[in-house]
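Chemist: Before anything else, here's the structure in question.
The values are calculated or read from the model by the stated rules, or taken from the named source; none is laboratory data. Quick caveat, the model's predicted, so the values are computed rather than measured. Glycine gets a Cβ as well: all are built from the backbone with ideal geometry, and neighbour counts include every protein chain shown.
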Amino acid sequence: MKKLLFILTLSLSVTMFAQEKITEGVVVSKQTMSSDNEQMNAQLAMLGEMVTTTYFKNDKTRSETTNPMAGTTVFIGDNASKKSLMLMDNAMIGKKYMEANMTPSEADLENVNIEKTAETKNILGYECVKYNVTMKKDGADVKGAIYATDKLQAISQQTTAFGDNFKGFPMYMSLDLAQQGFNMTLVTEVTEVKAEKVADDKFIMTPPEGYTKTDNLLGM
């Protein structure tokens, strides 16, 4: 009985801690992609599972994604200035960087429809609100669902174009893309959240040496 009470108390304390807003820490998420097209599925299988580590501190966020096939992608965003820096290093394009304004344009908002629902889901101890989303991006029709929490003060690069109709950090996201006869599903899921100190040099907005400026990175 004492052991059971200890486990219940520990579980309750973890849940209570998770519900507190975290302004500094690390989030780890995984992304998987699949298609109803066998040839595309074979190519996606070569990519494997994509793991992203997101560091955040107050208004700043840094997300790092590394994959043997796709190379390394880094996103640094400053929510106070609404500025972002994107770094990409892979065999196809070399080392490139792009600077952008995170405030979505009117044209971006016209192509996005966000609906906040009354549905909630508990993910890793965080109560998340469900958003339904439909949009057009780079010639593709996108439709899906996002579960987001307002307890993490971090920026998600994937939701910066949603405007003020979307609040929070996505803990789970499933998006169906249709383009030129191909259908693909992208699922992003947070697997770990850690409240810990993050060094300020993670958020330096100056492009590193060896990177060349571009106005259009692949996938942007």
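Chemist: On the basis of being modelled with pLDDT under 90 and on the phi > 0 side of the Ramachandran plot, does G94 make the cut?
Modeler: Spelling it out, it is not the case that G94 is modelled with pLDDT under 90 and on the phi > 0 side of the Ramachandran plot.
Chemist: If a residue counts only when it is at pLDDT below 85, which strands (runs of 3 or more DSSP E) contained entirely in region 1-73 have at least 1 such residues? Steps first, answer last, please.
Modeler: Values: elements: 24-35, 50-57, 60-67.
The qualifying strands (runs of 3 or more DSSP E) are 24-35, 60-67.
Chemist: Which of the strands (runs of 3 or more DSSP E) contained wholly in region 116-220 include at least 1 residues that are touching a residue at least 40 places away in the same chain (Cβ under 8 Å) and aromatic (F, W, Y)?
Modeler: Answer list for region 116-220: 126-137, 169-179, 182-194.
Chemist: So, one more: Against the condition exposed (fewer than 14 other Cβ atoms within 10 Å of the Cβ) and touching a helix residue (DSSP H, G or I) at 6+ places or on another chain (Cβ under 9 Å), how does F162 come out, does it pass?
Modeler: Here the answer is no, as F162 does not meet what is asked.
Chemist: Here is a further query. Of all the residues that make up region 78-128, how many are basic (K, R), closer than 24 Å to T66 by Cα and within 17 Å of the chain's Cα centre (by Cα)?
Modeler: 1
Chemist: Now, a different point. Here's a check for you: in region 68-87, which residue that is out of contact with any helix residue (DSSP H, G or I) (no Cβ under 6 Å at 6 or more places or on another chain) and surrounded by fewer than 16 Cβ atoms within 10 Å (Cβ to Cβ) is farthest from P207 (Cα to Cα)?
Modeler: Checking each candidate, the answer is P68.
Chemist: Another question about this same structure. Give K136, K121 a once-over and let me know the one that is at pLDDT below 95 and either farther than 22 Å from T73 by Cβ or surrounded by 14 or more Cβ atoms within 10 Å (Cβ to Cβ) (or both).
Modeler: K136
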